[in-house]
Amino acid sequence: MPLLSVKSLLAGGALLGLAVPAGASLAATSPDTPALQADTARAQLQQRYDELRQAMEQRSPSGIEALLAPGFTSTELSGRTLDAKAMIAELQDAPAAPDRDTRTTIKALTLDGNEARVRQTMTASAQVRGHAMEMIALAEDTWVHGEDGWKLKTTTSQEMTVTQDGKVIRQARLDDAPEPLRETPPPRAVAIAGPQMEGR
């Protein structure tokens, strides 16, 4: 019985599904960086992540492109790098997952002039064929600030863990050799393969 692709659970995942909780920690480039500046940047980036999630869920190429900086790249766990056009094309081919619940936690935010480097985890979960599926993905993002506010320049997946009914069925890290999915009962068990953008 073929395994169900993650695209039915996490289509558009990586950057996305995003809400930054109040407890997220921040790091600044120097002690002189005002806390207010960091708080403002965090609030602005939270809004950008939310807008990006919505644009991806709506399969809106123009909405996605409006939030990406020129020369945007997305690097997957396999090491493959996609530009904006290729990333959007893959997203368009992925099935929608209206019951998916996604959220992103900013683990660290470093400000350097008009650039913000974000280390974040994205958690996506859904009930699939009676199984509780969850993916937790760690990524590092670079945002640049210009006249139109923050835009995403790069996103690089670092690691991913997939669970089924609370049991880990797959783990992967950047540039790892592909790890085979572990066989889990019942025979019709659903497994997850990584999406084109793991961690946003």
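The values are calculated or read from the model by the stated rules, or taken from the named source; none is laboratory data. Note that the structure is predicted; figures quoted are calculated from it, not measured. Heads up, the Cβs are rebuilt from the backbone with ideal geometry, glycines too, and the neighbour counts pull from every protein chain shown.
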Taking the stretch 69-109, which residues are small (Gly, Ala, Ser) and in contact with a strand residue (DSSP E or B) (Cβ under 8 Å, 6 or more places away or on another chain)? Ala69, Gly71, Ser74, Ala84, Ala97, Ala108
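Determine which member of the set Gln120, Gln127 is farther than 19 Å from Gln44 by Cβ and of a type outside the set (A, V, I, L, M). Even if it seems obvious, please write down each step before you answer.
Details: Gln120 fails: farther than 19 Å from Gln44 by Cβ.
None of the others qualify; the one that does is Gln127.
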So which pairs qualify, if the first residue must be in the stretch 42-62 and without any contact (Cβ under 8 Å) to a residue 12 or more places away in the chain and within 23 Å of Ala96 (Cβ to Cβ), the second must be assigned to a helix (DSSP H, G or I) and not β-branched (Val, Ile, Thr), the Cβ gap must be under 9 Å, and the two must be at least 6 apart or on different chains? Gln54/Gly63; Ser60/Gln54; Ser62/Ala55
Can you name the residue in the stretch 61-78 that is in contact with a Leu (Cβ under 7 Å, 6 or more places away or on another chain) and among the small types (Gly, Ala, Ser) and, of all such residues, is farthest from Ser157 (Cα to Cα)? Ala69
Entirely in the stretch 51-126, the strands (runs of 3 or more DSSP E) that have 2 or more residues that are at pLDDT below 95 and within 24 Å of Gly146 (Cα to Cα): 101-112
Scan of the stretch 133-168 for residues that are surrounded by 14 or more Cβ atoms within 10 Å (Cβ to Cβ) and free of Cβ contacts under 8 Å to residues at least 24 places away in the same chain, ordered by number: Glu140
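Are any of the residues in the stretch 119-132 among the basic types (Lys, Arg), crowded, with 16+ Cβ neighbours inside 10 Å, out of contact with any His (no Cβ under 9 Å at 6 or more places or on another chain) and under 26 Å from Asp176 (Cα atoms)? Please lay out each step first, then the result.
At the first step, the residues of the stretch 119-132 found to be among the basic types (Lys, Arg) are 119, 129.
Keeping just the survivors that are crowded, with 16+ Cβ neighbours inside 10 Å gives 119.
With out of contact with any His (no Cβ under 9 Å at 6 or more places or on another chain) added as a condition, the list becomes 119.
Then keep just the ones that are under 26 Å from Asp176 (Cα atoms); that gives 119.
Yes, because at least one residue in the stretch 119-132 is among the basic types (Lys, Arg), crowded, with 16+ Cβ neighbours inside 10 Å, out of contact with any His (no Cβ under 9 Å at 6 or more places or on another chain) and under 26 Å from Asp176 (Cα atoms).
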Looking at the stretch 73-96, I want the residues that are touching a residue at least 12 places away in the same chain (Cβ under 8 Å) and more than 16 Å from Leu138 (Cα to Cα) and have a partner that is β-branched (Val, Ile, Thr) and in a helix (DSSP H, G or I) with Cβ atoms under 8 Å, at least 6 apart or on another chain. Which pairs are those? Ala84/Ile64; Ile88/Ile64; Leu91/Ile64
Can you confirm whether Leu152 is aliphatic (A, V, I, L, M), assigned to a helix (DSSP H, G or I) and closer than 15 Å to Leu68 by Cβ? no
